[in-house]
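Peer 1: Below is a structure I'd like to ask you about.
Readers should treat all values here as calculations from the given coordinates under stated rules, not as data from a laboratory. If you're wondering where the values come from, they're calculated on a predicted model, not measured in any experiment. Heads up, the Cβs are rebuilt from the backbone with ideal geometry, glycines too, and the neighbour counts pull from every protein chain shown.
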Amino acid sequence: MDVTRRTVLAAASAAPLAASAQVAGTSNAARFSLKYAPHEGSFASRGGLIEQIAYAADQGFTAWEDNEAAARPIAEQTRMANALSSRGMTMGVFVASMPRWRESRPLLGAANGEEREAFLKDIRGAIEVAKRLDARRMTVVTGFMDPRVPVDIQTARVIDVMRRAGDIVAPHGIAMVMEPLNTRRDHPGVYMQTVAQGYAVARGANSAAVKVLADLYHEQIQSGNLIPTLDTCWDEIGYIQFGDNPGRKEPGTGEINYASIVRWLRAKRYNGVIGMEHGNSVAGRAGEERLVAAYRAIDRSGGEA
């Protein structure tokens, strides 16, 4: 869920078609069977945020995600929501409470409850953003480990604050999705490190508004065993993100068999958004073409359930 990873992706030959489709409000490509969601930067060569949304729709994508949406001016949030609505696209996640990465904060399991209260304040503020964007999921990171506090006590406190947060958002039809992050490469010291750990916290919170975000890039690094883990934890998984490993690029650039993942998700009748939470392996428009082709490949080879 790093806020710095954004790369350029798009297709050079489709410029005239994209422009005409944007005006007509129709797609010039077959829609993908699952709701893969690009983000700002995925099609940077097409222009700004609104132009990139239009281009994504023209390529057959039916969803969008934006980690940084809560930090955007209200007018820009509204423009984004209108652009998505006009193209029949589903809004995926945005980050409801952004960690302070360089400070390794917050410590939601610490003895001092100040940071837990600040977290809940962020959640209250994020509700209006979610409504503005018509977003049904928002990402939360459960902070960092406090080396002074036993892990079991930290877990109890994280469960408690997530239950309280769930009580805040549930009346609005929104669910928070807690994102486990790998500690082996990207985020040493975070509290939640695996989907299984997220499952335990979600079960403890016992709220329809508290679920797990299964980012398969992080899970592959930290634990692997992706499909059995998804299957075991399925009742508490509320959102999925793709990214290959190593390198965190588009499917087909690493070791994860995303065609098999797609086939499994289709068998589960998964209708949620799948965030394209990765960069591209090739720079410029060639990389953008490769991105679209990679998703066409896994969508096609995933086959019918």
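Peer 1: Among all the lysines, which ones have a C-alpha under 20 Å from residue 249's C-alpha, if same-chain residues fewer than 8 places away are not counted?
Peer 2: Hits, sequence-local ones excluded: 35.
Peer 1: While we're on this one: Given charges of +1 on the Cβ of Lys and Arg and -1 on the Cβ of Asp and Glu, with all other atoms neutral, how large is the dipole of the chain about its Cα centre, in debye to the nearest 20?
Peer 2: Dipole of the chain, to the nearest 20 debye: 300 debye.
Peer 1: Pick from 278, 218, 187: which is most flexible by mean-square fluctuation in a GNM of the chain where alpha carbon atoms under 10 Å apart are linked?
Peer 2: Of the options given, 187 has the highest mean-square fluctuation.
Peer 1: Kindly give the semi-axes, whole Å and largest first, of the ellipsoid equivalent to the range 12-301, taking each as the square root of 5 times a Cα gyration tensor eigenvalue.
Peer 2: Semi-axis lengths for the range 12-301 are 32, 22, 17 Å.
Peer 1: Calculate the dipole size of the range 28-155 relative to its Cα centre from +1 charges on Lys and Arg beta carbons and -1 charges on Asp and Glu beta carbons; express the result in debye to the nearest 20.
Peer 2: On the way: 17 positive and 16 negative charges, 55 e Å.
I would put it at about 260 debye.
Peer 1: Then there is this: Can you list the residues, at least 5 places off or on another chain, whose amide H is less than 5 Å from the amide H of residue 105, using H built in the peptide plane?
Peer 2: Amide H neighbours of residue 105: 100.
Peer 1: Residue farthest toward the positive end of the dipole of the chain, with Cβ of Lys/Arg at +1 and Asp/Glu at -1: which of 212, 145, 127?
Peer 2: With unit charges placed on the Cβ atoms, the residue in question is 127.
Peer 1: About the Cα centre of the range 212-289, what is the dipole size in debye to 20, counting +1 per Lys and Arg Cβ and -1 per Asp and Glu Cβ, all else neutral?
Peer 2: Values: 7 positive and 11 negative charges, 48 e Å.
Value, rounded to 20: 240 debye.
Peer 1: Of 165, 273, 99, which is farthest on the positive side of the dipole of the range 12-301, counting Cα position, with +1 on Lys and Arg Cβ, -1 on Asp and Glu Cβ, and the Cα centre as origin?
Peer 2: So the residue furthest toward the plus end is 273.
Peer 1: Using just the helices of the chain, give the 222 nm mean residue ellipticity in deg cm²/dmol: DSSP H runs with n ≥ 4 each add -39,500 (n - 2.57), and the total is spread over all residues, rounded to 500. Can you show the working numbers first?
Peer 2: Details: 10 runs with 126 residues, N = 305.
After summing the helix terms and dividing by the residues of the chain, the value is -13000 deg cm²/dmol.
Peer 1: Put +1 on the Cβ of every Lys and Arg and -1 on every Asp and Glu Cβ in the range 201-254; which of 245, 234, 202 then has its Cα farthest towards the positive end of the dipole?
Peer 2: 202
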